[in-house]
Each structure stands twice: as C-alpha cells, then as structure tokens.
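Undergrad: Before I ask anything, let me first share the structure, which is written out below as structure tokens.
Nothing in this text is a laboratory measurement; each read-out follows from the coordinates by a stated rule. All figures in this text were calculated on a predicted structure; none of them were measured in a lab. Positions of Cβ are generated from backbone atoms using ideal geometry, with glycine treated the same way; all protein chains shown enter the neighbour counts.
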Protein chains: 2
Amino acid sequence: MRNTLFAAWREGRTRALEAALEQALPAASAAPASLHKAMRYGVLGGGKRIRPLLCLAAAEAAAGSGPLPEAMPLACAFEFLHCYSLIHDDLPALDNDDLRRGRPTCHRQFGEALAILAGDGLLTLAFAQLGDSALRPWTAQLLPSFAAAAGTPEGMLAGQAADIAASITAGISANSAADSPAAGRAGPSGAEISLATVTAIHRRKTGAVIRACLTLGGVVGGAKGKRLQVLESAGNDLGLAFQITDDVLDVTSDAATLGKSPGKDAAQNKLTYPALVGIGASLQQAQILADAALARLGETFEHAEPLLQLCRELARRTK
Amino acid sequence: MRNTLFAAWREGRTRALEAALEQALPAASAAPASLHKAMRYGVLGGGKRIRPLLCLAAAEAAAGSGPLPEAMPLACAFEFLHCYSLIHDDLPALDNDDLRRGRPTCHRQFGEALAILAGDGLLTLAFAQLGDSALRPWTAQLLPSFAAAAGTPEGMLAGQAADIAASITAGISANSAADSPAAGRAGPSGAEISLATVTAIHRRKTGAVIRACLTLGGVVGGAKGKRLQVLESAGNDLGLAFQITDDVLDVTSDAATLGKSPGKDAAQNKLTYPALVGIGASLQQAQILADAALARLGETFEHAEPLLQLCRELARRTK
C-alpha cells in the first residue's frame, strides 16, 4: 500500500517535472537551433530525476502539503545543474565518456564545441530558474546557497576538481594498477589516501547538491530553524550515501543497467569507497548513513512519506 | 581637465574593482588549489575591465552620486561572466586560441580540463555575486535580466553559438576564400549573409551584456521608467559599436597591442562588419552608434561624465 501510494506520487511529480523542464528549455525551433537542440538533448528523454524529486519531496514535507507549484522552478534548477555537470564531465578532456543515459554523450552527438556551450547554457538556465516569478519571495535567500552547492570551494565543482587532482595523484602512486584486470576491485595499490579524503571529495562532488535539494526545497516549503537543520543534516548523510552507492554500481553493474559506462573509476584511478574498503563495507556504510537520515526525517516531519521513500530507494538503487 | 578628472575616476574605480575581484575569488591556497589558480589566472592580472566600469559608471550616473559600494558585486559579476566566456571561447574545440590578455590562454597554462572547470566556476561565481548581501534589495530583479543577457536565446551564449553556425555556413559558401591573402578584407566571397545577420549575432554575442551593464547598473543606482529605457537603448547601440570596433581591430591591429591573436575572424570565416562593408564604413557605423548613445545619455543624466567618457573611448579604442 505504501509503495502504491509512493508510485502514484512519483508518477505525478515526474510528469509535472518533465513538462516544466520541457517548458523552461529554449524551443528547438528557435535560433540558434543547434545550441537549443544540444541543451534539450542533455536534459530530456532520460534521467532518474533524483535531485528534483528530492527537492519537491522536501518542499512538501516541510509544508505538510501536496504539490507546491512554487517549488517546481527550483526542482528544474537542480536538474539543469545536474545535466550541465554531466555534459561537461563527459567531455574528452575530463572523463571522455561516450555513453550517458543509454545514449551517446552530448559531445558525441553534437560535437565538443556545442557540448561545451550547451553545458554553459544549462548552468545559466539553472540560475535563471531561481529568478522565476513563482520563486521571487525566496530568490535572494536561495541564490547564495545554490551557488555555493554548485561551485567552489565547498560545492560540486570543487569536488570534481579535487576528484581529478586525487586521481592523478593515485595514478602516479598506483603505477600500473590501472592496467591490471583486478584494478576495478583493488583500486590504487599502496594508496596512502585515506577514507577521509574520499569522503571530503564525495561530500562536495555529490553531497553538496543533494543536501541543497533538501534544504532549499525545505525553505520553499516553509522550513525554518530546527526543521531546516534536520533537512541539512539528513541531506548531508544522504548525499554521501548516494555517492558511495554510485561508486559500488560503477564496479558491480553493467552499461545496459546504468545507461553509462561502468568501470570508469578504476580505469581513471578515481578514489572510491569500494576501492578502499571493499564492496560489502561500502554498501553497509551507505545503508547506515541512509538509515540515520531516515530516522531524523521521520522524527521531525509528519507528512514526509515521499521524501522517506526516496531516501530508502537511494541506498538500495541498482542504477 | 575633463580627461584628468576621468583618469582619476577610472583609476579609483579600477583599484576598488581589482580589490573586489581578488576578494570575491576563492583563495589560491584553498583546496582545490589547481581550480582556484586557474580561476584567478583567468580574471586577475589583465583585462580592460570595460564591462564592470560601464556598470559602475551607469549606477553612479543614475544615482547622480559618487561611488556606490552596492554596485560593486554587480560589476564583479559582469567581469566574471566576461572572463568565463573568454576561457571557454578560447578552448581548442571553439576558437582554439593560444594568447589572451598578452599571456597564454587558460587551457594552454592549466590544461583543458581545468580550463573548462575554471570557466564553469567563474560563471557560477558571477551568479553568486548577485546574491551578495549588498545587492539583496535588487537580487530578485537583477537575476532574470542577468541570466537572459548571459544565456540563450537572446544573450551572449546564443550569439556565440550563432557565430559558430554562421562561420561554418560562410566557410562552405566561401570555399577557399580563407586561403586567399585578401580574405581578411574581402570576407566570405559570394556570401549571401546580410549585414542584418551579422548585426543580430553581434547584438547577442556582445551587445546583450554591454546593454545589461548599463541597465542593471542603472537599476542599482535607482533608475526607473524613461531613464532606464535610455540606458537600455544607449547600451544597445554601444554594444553593437563595441563589437564592430572589435571586428575592425581584429583586421587592423597586432598581437602585442591587442594581447590576443589578431586575424582570427578571417581565418575562421567569421562574419564581421569589415568583411561585409569594409573598414572605413565599419568605423563610421561604430561612431554613429556611439554618438547616438552619447547624445541620449547626455540629455537624460546630469552627472554622467564618467559614463559618457567611457562611451567616447569605446568607439575610439585601439585595443
């Protein structure tokens, strides 16, 4: 019964979200059409929409209500931000990936120049959402936190840059580990990089935006004081749990399930939880974090079932 | 006398601006240092600062006052936006340039991956400036216009994408024109692309942001109604004049003076004013546009000398 209700919630919110994303994107027919097609390709027709659903669920939990239309531009902002980061991270100079959401990556489809510009356009569009008239009462409050979660030194971009820097270091210390068939599980051999470093990278690379989905969604839903702190703390744990699960899936899953290339972390000497502590301990850690987040959210919010269910799924997801 | 006063104004505002830019950028010592060094390299130690100076001058003209500290984060936002666009435009997949502001371009200095991320970081930082506490009363009003000027379909990014698309078209229609020594002056032979197309690209590629410098600076200075319309209309003309002058300098100047590589437009089949109407007519057109802007600004604002002087310089600049 609980799952049926949640499935209906998810279906309704996803449908509304897809319509809002489509509406907020520049029309494919408008000039410059090449840019707009690349932007739309990078957003539409795929994606689990985890971040915007978390944002909508947090807003509704905070408000103790049904759909909050004013949270939708914020939810779109998080999805545009996510899609921009995927397009740029997939570029040849970065992760050099060919597959994303089960299709060719943006630069494989449209060329590098348009992929770079499309990412720039989606980042710009993400910020534009915060200025949407429905969000006006919160715009000045949301903007600094959104920018911090997206940027540096505490946000996604810092995590991405630190990830690259750490993988270069690990690559040097691991010598030929990447060429070994066992590299996927063994990780950088003799690496002196601690779990604390990986955790710090993960908290910025993925955690900061996930946390912002919960806190800023909460702000639009009217959360203040202690309730806002609970969303922040739960978002923090959930963000780390999410990235640990991502690390595990990169080792254990396949391209058809993931819709992106697995095994990338090992090939690129990325620092990951499974590389440092193994798959079992990683999954356990993700579960502990998610459980902690769930407990705090459940204690604090009375009408938070969709948010709680999303949290449960995040630690158990298989793609 | 007028020039002496203006020189003092420019020196004072530039000094304050450089300090504000330095302060707003993440510290080079903070992790991830590689990203922060690349971001700082892309902003500090060079640049004419035309956009932020226009923004400050417009704010002061609108307020009829001296320095307005609350306009400084907005001025920084425009410079960060400009620097991000230079870093990304210089990338191998786009203009593939080696020289900028008299130094190696960001990707030549730090590699492509960091240059892409540094550009992303500066775009994020530009938006973050709009959320600065000093700008709070205007944040919700500024954000949509700033995003529109930066993005697509009416802003800088649209102009950049249209420019690329048009140069591909021109390259096809020009056949081997780019190999001819006269290509720089003759432009795409047999091109059916009209001056209207070039004008439309220029208005977006450069004009939209220059116009926003004047209008949003004006907003912070308290301009409303007709006075705001004058800033918009003058910014529109000035933005086009600025890009026409840029086109001319690309043909007539040298790397030492420009601090960037000249002759790029012809080599890349870019659509330009001099290619279509010649250098003399281009300079004349830029002067007519700048004069029109000057006349309207002079009629409307009593204390606008720095703004007027900046406008005079823009149409006469040699770098």
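Undergrad: Please work out which residue of chain B brings its Cβ closest to the axis of the rotation superposing B onto A, and round that distance to whole Å.
TA: B:PHE127, 2
Undergrad: Mind ordering A:52-65, B:287-300, B:128-141 by average Cβ neighbours within 10 Å, highest first? List each step's numbers first, then the result.
TA: Values: A:52-65: 25.5, B:287-300: 17.8, B:128-141: 20.1.
My ranking of the peptides, most packed first, is A:52-65, B:128-141, B:287-300.
Undergrad: Keeping to pairs on different chains or 8 or more places apart, tell me how many lysine pairs in segment A:190-319 have Cα atoms under 28 Å apart.
TA: Step by step, the pairs that qualify in segment A:190-319 add up to 10.
Undergrad: Across the protein assembly as shown, what fraction of all alpha-carbon pairs, as a whole percent, falls in each successive 10 Å bin from zero upward?
TA: Each 10 Å bin holds this share of Cα pairs: 3, 16, 26, 25, 17, 9, 3, 0, 0.
Undergrad: Separate question: Take chain A, connect every pair of alpha-carbon atoms lying under 10 Å apart with a spring to form a Gaussian network, then pick out the residue of A:ASN96, A:ASN236, A:ASN269 with the largest mean-square fluctuation.
TA: Top of the fluctuation ranking is A:ASN96.
Undergrad: I would also like to ask the following. With a ≥ b ≥ c taken as the square roots of the eigenvalues of the C-alpha gyration tensor of segment A:121-166, please select rounded if a/c is under 1.5 and otherwise prolate if a/b is larger than b/c or oblate if it is not?
TA: oblate
Undergrad: Using the 2.2 N^0.38 Å rule of thumb for compact globular proteins, work out how segment B:7-99 stacks up: its C-alpha Rg over that value, please.
TA: Working: Rg = 14.7 Å, N = 93, 2.2 N^0.38 = 12.3 Å.
In units of the 2.2 N^0.38 Å rule of thumb, it is 1.19.
Undergrad: State whether segment A:221-319 is rounded, prolate or oblate according to the following rule on the C-alpha gyration tensor (a ≥ b ≥ c being the square roots of its eigenvalues): a/c under 1.5 gives rounded; otherwise a/b larger than b/c gives prolate, and the remaining case gives oblate.
TA: On the way: a/c = 2.61, a/b = 2.16, b/c = 1.21.
Judged from the Cα gyration tensor, segment A:221-319 comes out prolate (a/c at least 1.5, a/b above b/c).
Undergrad: Based on the alpha-carbon gyration tensor of chain A, what equivalent-ellipsoid semi-axes (square roots of 5 times the eigenvalues) come out, in whole Å, largest first? Each step should come with its number before you reach the end.
TA: On the way: eigenvalues 181, 124, 59 Å².
Rounded to whole Å, the semi-axes are 30, 25, 17.
Undergrad: Another question, then. Once phi is turned into θ = phi - 60°, what whole-Hz ³J(HN,Hα) does the Karplus curve with 6.51, -1.76 and 1.60 give for every residue of segment B:98-105, x standing for Gly and Pro?
TA: With the stated coefficients, segment B:98-105 comes to 9, 10, 8, 6, x, 9, x, 4 Hz.
Undergrad: To continue, here is another question. Treating the beta-carbon of each Lys and Arg as +1 and of each Asp and Glu as -1, no other charges, what is the dipole magnitude of chain B about its Cα centre, to the nearest 20 debye? Can you show the working numbers first?
TA: On the way: 30 positive and 30 negative charges, 106 e Å.
Its charge dipole is roughly 500 debye.
Undergrad: Taking neighbour counts of Cβ atoms within 10 Å as a proxy for exposure, in what order, fewest first, do B:CYS213, A:CYS76 appear?
TA: A:CYS76, B:CYS213
Undergrad: If you take the Cα atoms of segment B:45-118, find Rg, then find the Kirkwood Rh from the mean of 1/r over all pairs, what is Rg/Rh?
TA: Values: Rg = 15.2 Å, Rh = 13.6 Å.
Taking Rg over the Kirkwood Rh, I get 1.12.
Undergrad: Could you run the Karplus curve 6.51 cos²θ - 1.76 cosθ + 1.60 with θ = phi - 60° over segment A:246-260 and give me ³J(HN,Hα) per residue in whole Hz, x for Gly and Pro?
TA: Coupling constants for segment A:246-260: 4, 4, 5, 5, 4, 8, 9, 9, 10, 4, 5, 6, 6, x, 9 Hz.
Undergrad: How many nanometers, to one decimal and shortest first, lie between the label point of B:ASP98 and those of its other copies, if labels sit 7 Å from Cα toward Cβ?
TA: 3.2
Undergrad: Follow-up question, since we're still on this one. A:ARG100's amide H: which non-local residues (gap 5+, or another chain) put their own amide H closer than 5 Å, with H modeled 1.01 Å from N in plane and none for Pro or chain starts?
TA: A:THR105
Undergrad: Could you tell me the distance between the Cα centroids of segment B:42-79 and segment A:118-157, to the nearest Å?
TA: 22 Å
Undergrad: Compare A:GLY159, A:GLY218, A:GLY151 in a GNM of chain A, Cα atoms joined below 10 Å, and give the one with the largest fluctuation.
TA: A:GLY151
Undergrad: List the distances, in nm to one decimal, from the label point of B:THR14 to the label points of the same position in every other copy, shortest first, placing each label point 7 Å from Cα along the Cα-to-Cβ direction.
TA: 5.7
Undergrad: Over all residues in B:79-91, what is the mean tally of Cβ atoms on other chains that come within 10 Å of each residue's Cβ?
TA: Working: counts 0, 0, 1, 0, 0, 2, 1, 0, 0, 5, 3, 0, 5.
Mean partner-chain Cβ count within 10 Å for B:79-91: 1.
Undergrad: Here's another thing I want to ask about it. Determine the shielding of peptide B:102-110 by partner chains: average, over its residues, the number of Cβ atoms on other chains within 10 angstrom of each Cβ. Working shown, then result.
TA: Working: counts 0, 0, 0, 0, 0, 1, 0, 0, 0.
Mean partner shielding for this stretch: 0.
Undergrad: Taking Rh as the Kirkwood radius computed over C-alpha pairs, what is the Stokes-Einstein D of segment B:228-271 at 25 °C in a medium of viscosity 0.890 mPa s, expressed in µm² per second? Please list the in-between numbers first.
TA: Working: Rh = 11.7 Å.
Result for D is 209 µm²/s.
Undergrad: Place the label 7 angstrom along Cα→C-beta at A:GLY111 and in each other copy, then list the distances from the first to the rest in nm, shortest first.
TA: Here the equivalent label points are 2.7 nm apart from this one.
Undergrad: Now a separate question. Do you know the relative contact order of chain B, to the nearest whole percent, from alpha carbon pairs under 8 angstrom that are 6+ apart? Before the final figure, lay out each step's value.
TA: Working: 522 pairs, mean separation 68.4, N = 319.
Dividing the mean separation by the residue count of chain B yields 21 percent.
Undergrad: Per-residue mean of other chain beta-carbon atoms within 10 angstrom of the beta-carbon, peptide A:152-160?
TA: Working: counts 14, 9, 2, 3, 2, 10, 8, 1, 7.
What the average comes to for A:152-160 is 6.
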